[in-house]
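Right, one structure below, let's go through it.
The values are calculated or read from the model by the stated rules, or taken from the named source; none is laboratory data. Please read all numbers here as calculations on a predicted model, not as lab measurements. As a convention, Cβ positions derive from the backbone with ideal geometry for all residues, glycine included, and neighbour counts pool all protein chains shown. All accessible areas refer to the heavy atoms of the entire protein, side chains included, with ligands and DNA or RNA removed. Shrake-Rupley method; radii C 1.70, N 1.55, O 1.52, S 1.80 Å.
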Amino acid sequence: MNSRLFLADLLVLLHLVFVLFAVLGGTLVLRWRRAAWFHLPAAFWAALIEFAGWICPLTPLENRLRETGGGAGYQGDFVAHYLLPVLYPAGLTRGKQVVLGLLVLGINAGIYGWILFRPPTRT
């Protein structure tokens, strides 16, 4: 496999991990409070990208790697077939982006609210 296409696939995987961390990383804070220092900026960045309608900087980098690596060499593999549609769904509209941003904030507000306001545990 071409090294640039491999790097593009690796970048898509990293992108997916970041998205999952931004949406669900608050659950890590339940166990490790210091994870909030990494998770809160990630969640706010993900929501900002959606609200503003921006393109994540990882996307042009991934596209550039694909272009310089030959572009079509990834058809049919796992990353292109399963992960790319998750990150770049067909029919993504501005309204859907706002809903995604609200979901990121809502899920994490619920998790952090539960962390901050749950009753103390008995020991």
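Cβ-Cβ contacts under 8 Å between residues 6 or more apart (or on different chains), taken from a first residue in the stretch 87-113 that is assigned to a helix (DSSP H, G or I) to a second residue that is among the charged types (D, E, K, R), are listed as GLN97/GLU50; VAL98/GLU50; LEU100/GLU50; GLY101/GLU50; VAL104/GLU50.
Only a single criterion out of (1) modelled with pLDDT of 90 or more; (2) open to solvent by less than 40 Å² (accessible area, probe 1.4 Å); (3) among the basic types (Lys, Arg) is not satisfied by ARG66, namely (1).
Of all residues being under 18 Å from ALA47 (Cβ atoms) and in contact (Cβ under 8 Å) with a residue 40 or more places away in the chain in the stretch 26-35, which is surrounded by the most Cβ atoms within 10 Å (Cβ to Cβ)? Just the residue, please. Even if it seems obvious, please write down each step before you answer.
Step one: filter the stretch 26-35 for residues under 18 Å from ALA47 (Cβ atoms), giving 26-29, 35.
From what is left, the residues that are in contact (Cβ under 8 Å) with a residue 40 or more places away in the chain are 26-27, 29.
Numbers: GLY26: 23, THR27: 14, VAL29: 19.
Result: GLY26.
Of the residues making up the stretch 42-59, those that are open to solvent by less than 70 Å² (accessible area, probe 1.4 Å) and either among the polar types (S, T, N, Q) or in a helix (DSSP H, G or I) (or both) are ALA42, ALA43, ALA46, ALA47, ILE49, GLU50, ALA52, LEU58, THR59.
Checked against the criterion of being assigned to a helix (DSSP H, G or I), closer than 28 Å to GLU67 by Cα and hydroxyl-bearing (Ser, Thr, Tyr), the stretch 16-29 has no qualifying residue.
Out of all the residues in the stretch 37-54, which are small (Gly, Ala, Ser) and in contact (Cβ under 8 Å) with a residue 40 or more places away in the chain?
Step one: filter the stretch 37-54 for residues small (Gly, Ala, Ser), giving 42-43, 46-47, 52-53.
Passing the criteria: ALA43, ALA46, ALA47, GLY53.
Just to be sure before I move on: is THR121 at pLDDT below 90 and open to solvent by 40 Å² or more (accessible area, probe 1.4 Å) in the structure I sent? Considered against the rule, which asks whether it is at pLDDT below 90 and open to solvent by 40 Å² or more (accessible area, probe 1.4 Å), THR121 comes out as yes.
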